[in-house]
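This report concerns only the one structure given below.
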Amino acid sequence: MRNQPAGGRQRVILEDLQPEIDGGKFPIKRVLGESVTVEVDAFTDGHEALTCILLFRLEGEEEWRSLALLPLANDRWQGGFEVASLGRWRYTVRGWVDPFRTWQRDLAKRLAAGQDLAVDYLIGAELLEETARRADPDAARKLRESAEALRSPLTEEKSRVALDPALLDLAARFPDPETVVSWPRELGVVVDPERARFSAWYEFFPRSAAEEPGRHGTLADAERWLPDIHTMGFDVVYLPPIHPIGSTKRKGPNNALTAGPEDPGSPWAIGAAEGGHTAVHPELGTVEDLRTFVAAARELGIDTALDIAFQCSPDHPWVRDHPQWFRKRPDNTIQYAENPPKKYEDIYPFDFESEDWPALWEALRDVFLFWIEQGVRVFRVDNPHTKPFPFWAWLIPEVKARHPETIFLSEAFTRPKPMYYLAKLGFTQSYNYFPWRNVKWEIEQYFTELTQTPVREFFRPNLWPNTPDILTEYLQHGGRPAFVIRLALAATLGASYGLYGPAFELYEHAARKAGTEEYLDSEKYEIRRWDRDRPDSLAPLIARINRIRRENPALQTNATLRFHGIDNGELVCYSKTTPALDNVMLMIVNLNPHHRHAGWTSLDLDALGLAADQAYEVHDLVSDARYLWQGGRNFVELNPHVLPAHIFRVRRRIRHEQDFEYYT
């Protein structure tokens, strides 16, 4: 037959498999123990019944595990599996027109109609015999026994065997391979530790941790901060670069082009005679001191994150030993970093496209592996969008293949598409536009995009109200209430968030000059001494909110974030719930740090698991205030100078037969 299509008996059409990122080019993300729910459109011509299965396996396993997909509506099928190991998983779907399923379905209809089924039983027996020829010996024996039963003169026995669901499941294990249609590619799932989904980060400079004014802090000094960080409820402590700092073109206070003899320089100008990316600044201590710090943090349940910045000071040993890794100018000098008209003469970027690029790439990979050997499993990567995408596409799988528990945080404040692409390439978490989303419509639009579109399958936002580089105008001019507002938003909109402290808890807000986001007397260029015992510190409030996050599973995910109506543009209202609705959290925040605002809510009661006529209590877990509400329309008023946010736990009102009421 001319123009006969290949696989002419493959009649099932598979379309729109989800989740799938860019046609299967990139894996989705999950954390250990989570489920992957897979849906696909599957249909065929005519009226025959289909069987669709989901196949999944941990990468490296030879055998697929399988389960049946179940039909929903309109030819949509669904199934799911739990990822029970760290690493990379694979999944795909298959479907076929199933003659035995069709026969069993139609037999049940004929039996109910009281029709003569003698010939139908013989047809079923033949189908089972045919399936047995493809089956393994044990299954073949059971299929042939069932076929014999269908040929038996005992009518009652035949109907019992014919409609047995277990027989259908057994037959479905051995389809005719010429009829099976497979999704054209295997899809991936990267499975990370739980910290990838839910975490609270605290950043500080160890060199500012000394108790005595004017002394350069050490890692031992920084270790003494760990109990306070633990008390505040943080589970990741993030250290800016801890390496030796170059002296050539060293920056002075407030980014001055000239440094004095006592100025420590910027930690991001990495490398000096004492070493480079695998060395510790001598005034901070030694690699052994770092291992001690990591172990002490782990005893408190805190992971240590190191900053990885792939750039060098002019004094870095690699500049001397591997000059081919850097770009040369026409005058034979090495090209320093620039963002015209700004010049960063204390930093040399790598030339990732040099002729010796394979050796450079391997050296940079080995930086991660070195610190992993010291016990570090979390890394904040500086400006990954200024390095080639192919580099990250190679490096991250290289590291995670050996250490699947490793977490990479992308610090890429760039355009949306490059930011998202880095997440697709494997960055576990990502900085994002949260610092600059301050008004209601921006917050609702942005977080709906992050949590309710396909972006949620690969992009895990980590929300930071401030960083050493970012002091937003909102924080500069909003006073203490602005810091409380941004804390409440970061900690409840996102399952993962971070603070640059103690600048945050002491609400440091002075800018170097108007119109910039640079701190005055920035800690990036000088050693600071912080009065962490100040009575007006936000530390107790931070501790309370972090405790609320730990005690309420609804706040530990982004998947259920939903916005609700409220008739005041300065108030934003949103909720998070657990799947079983046994933990329901409702947040209302006054976005104006200067003025009191009030409004009436329009709650989506279905999203909260509430009936229109059901009374319920909302318990503010910050202030401990309790209010009795009913229905979706309720009044709220928030004074930013008292407390600008409600973090409510919703408790349903239950009435017993004895008219005893309580809330759950």
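The values are calculated or read from the model by the stated rules, or taken from the named source; none is laboratory data. The structure presented is a predicted model; accordingly, all values stated were derived computationally and were not measured. Cβ placement follows ideal geometry from the backbone for every residue including glycine, while neighbour counts extend to all protein chains displayed. Just so you know, the surface numbers come from the protein's heavy atoms only, side chains and all, with ligands and any DNA or RNA stripped out. Shrake-Rupley method; radii C 1.70, N 1.55, O 1.52, S 1.80 Å.
When the accessible area of the chain is split by element with a 1.4 Å probe, what percent falls to carbon and sulfur? Write out the running numbers ahead of the final one.
Details: 14670 of 29520 Å².
Its accessible area is 50 percent carbon and sulfur atoms.
How much of the calculated P(r) for segment 492-595 lies past 17 Å, in percent of all Cα pairs?
On the way: 3582 of 5356 pairs.
I get 67 percent for the Cα pairs in segment 492-595 exceeding 17 Å.
Along the charge dipole of the chain, which of Phe43, Met587, Val636 sits closest to the positive end, that is, farthest toward it, with unit charges on the beta carbon of Lys, Arg, Asp and Glu (+1, +1, -1, -1)?
About the Cα centre, the residue reaching furthest to the positive side is Val636.
Cα convex hull of segment 1-113: mean projected area in nm², to one decimal?
Values: hull surface 41.8 nm².
About 10.5 nm², averaged over all directions.
Tell me the relative contact order for segment 25-114 as a rounded percent, counting alpha carbon contacts under 8 Å between residues six or more apart. Please report the intermediate quantities before stating the final value.
Working: 141 pairs, mean separation 33.0, N = 90.
Across segment 25-114, relative contact order equals 37 percent.
Roll a 1.4 Å probe over the protein heavy atoms and report the accessible area of Trp268 in Å², nearest 10.
20
If I ignore ligands, DNA and RNA and count only protein heavy atoms, how much of Cys52 is accessible to a 1.4 Å probe, in Å² to the nearest 10?
0
Are any of the pairs Lys25/Lys328; Lys342/Lys524; Lys25/Lys440; Lys249/Lys328; Lys251/Lys387 more than 28 Å apart by Cα-Cα distance, and if so, which? Walk me through the intermediate numbers first.
Working: Lys25/Lys328 36 Å; Lys342/Lys524 17 Å; Lys25/Lys440 35 Å; Lys249/Lys328 18 Å; Lys251/Lys387 24 Å.
Flagged as over cut-off: Lys25/Lys328; Lys25/Lys440.
Once amide H atoms are placed 1.01 Å from N in the peptide plane, what residues at a sequence separation of 5 or more from Leu610, or on another chain, have their amide H within under 5 Å of its amide H?
Correct list: empty.
Taking only protein heavy atoms and a 1.4 Å probe, what accessible area per residue, in Å², does the chain have with all protein chains in place? Intermediate values should be presented prior to the final figure.
Working: 29520 Å² over 664 residues.
With the other protein chains kept in place, the chain gives 44 Å² per residue.
What share of Cα pairs, in percent, lie more than 18 angstrom apart in segment 192-298? Please list the in-between numbers first.
Numbers: 3074 of 5671 pairs.
The proportion of pairs with Cα distances above 18 Å equals 54 percent.
Roughly what would the spin-label model give for Arg528 and Glu442, points 7 Å off Cα along C-beta, in nm?
2.3
For segment 191-201, in order, what is each residue's ³J(HN,Hα) by Karplus, 6.51 cos²θ - 1.76 cosθ + 1.60 with θ = phi - 60°, in whole Hz (x at glycine and Pro)?
Those phi angles translate into 10, 10, x, 4, 4, 5, 8, 9, 7, 10, 9 Hz.
Under 20 Å from a label point 7 Å along Cα→Cβ of Asp106: give me every residue in segment 49-89 with its amide N that close.
49-52
List the residues, sorted by chain then number, that are 5 or more residues from Phe174 or on another chain and whose placed amide H is less than 5 Å from its amide H.
Here the answer is none, since no amide H 5 or more places off falls under 5 Å of that of Phe174.
For the chain, what's the relative contact order in percent, using C-alpha pairs closer than 8 Å and at least 6 residues apart? Numbers along the way, then the final one.
Details: 1338 pairs, mean separation 64.8, N = 664.
Relative contact order for the chain comes out at 10 percent.
Can you compute the radius of gyration and Dmax for segment 525-565, using only the Cα atoms, both in Å?
16.4, 46
Can you classify segment 240-399 as rounded, prolate or oblate using the Cα gyration tensor, where a ≥ b ≥ c are the square roots of its eigenvalues, rounded means a/c under 1.5, and otherwise it's prolate if a/b beats b/c and oblate if not? Write out the running numbers ahead of the final one.
Working: a/c = 1.90, a/b = 1.21, b/c = 1.57.
Oblate shape, in that a/c is at least 1.5 and b/c is the bigger or equal ratio.
What number do you get for segment 429-582 when its Cα radius of gyration is normalised by 2.2 N^0.38 Å, N = residues? Don't skip to the answer; put the middle values down first.
Numbers: Rg = 16.3 Å, N = 154, 2.2 N^0.38 = 14.9 Å.
This ratio for segment 429-582 stands at 1.09.
How big is the accessible area of Asp567 in square angstrom, nearest 10, if you roll a 1.4 angstrom probe over the protein chains?
We get 100 Å² for Asp567.
To the nearest 20 debye, what charge dipole does the chain have about its Cα centre, counting +1 at the Cβ of each Lys and Arg and -1 at the Cβ of each Asp and Glu?
Values: 78 positive and 98 negative charges, 145 e Å.
I would put it at about 700 debye.
Give the distance, in whole Å, between the Cα centre of segment 589-625 and the Cα centre of segment 409-450.
Each part reduced to its Cα centre gives a spacing of 27 Å.
For labels at Leu628 and Gln18 in the simple 7 Å Cα→Cβ model, what's the distance in nm?
Each label point is offset 7 Å from its Cα along the Cβ direction, giving 4.2 nm.
Assuming R0 = 35 Å, can you tell me the calculated FRET efficiency for the pair Trp394 and Glu473, based on Cβ-Cβ distance, to the nearest 0.05? Please report the intermediate quantities before stating the final value.
Values: r = 39 Å, r/R0 = 1.12.
Plugging the Cβ-Cβ distance into 1/(1 + (r/R0)^6) gives 0.35.
What is the magnitude of the charge dipole of segment 324-405 about its Cα centre, with +1 placed on the Cβ of each Lys and Arg, -1 on the Cβ of each Asp and Glu, and no other charges, expressed in debye to the nearest 20? Intermediate results must be reported in sequence, preceding the final value.
Values: 11 positive and 14 negative charges, 57 e Å.
Rounded to the nearest 20 debye, it is 280 debye.
Under a point-charge model restricted to the Cβ atoms of Lys and Arg (+1) and Asp and Glu (-1), what is the dipole moment magnitude of segment 234-330 relative to its Cα centre, in debye to the nearest 20?
Details: 9 positive and 12 negative charges, 146 e Å.
Taking the Cα centre of segment 234-330 as origin, the dipole is about 700 debye.
Dipole of the chain (Lys/Arg Cβ +1, Asp/Glu Cβ -1, origin at the Cα centre): which of Gly217, Ala259, Gly301 lies farthest to the positive side?
Ala259
At q = 0.08, 0.10, 0.11 Å⁻¹, what log₁₀ I(q)/I(0) does the chain have when each alpha carbon counts as one equal point scatterer in the Debye sum?
With one equal scatterer per Cα and no solvent, log10 I(q)/I(0) is -0.74, -1.00, -1.13.
What is the log10 of I(q)/I(0) for segment 282-338, computed with the Debye formula using one identical point scatterer on each Cα and no solvent, at q = 0.26, 0.27 Å⁻¹?
Log10 I(q)/I(0), no solvent term: -1.08, -1.12.
Note down the relative contact order for segment 537-664 as a percent, whole number, built from C-alpha pairs under 8 angstrom at least six residues apart.
Values: 256 pairs, mean separation 28.4, N = 128.
After rounding, I find 22 percent.
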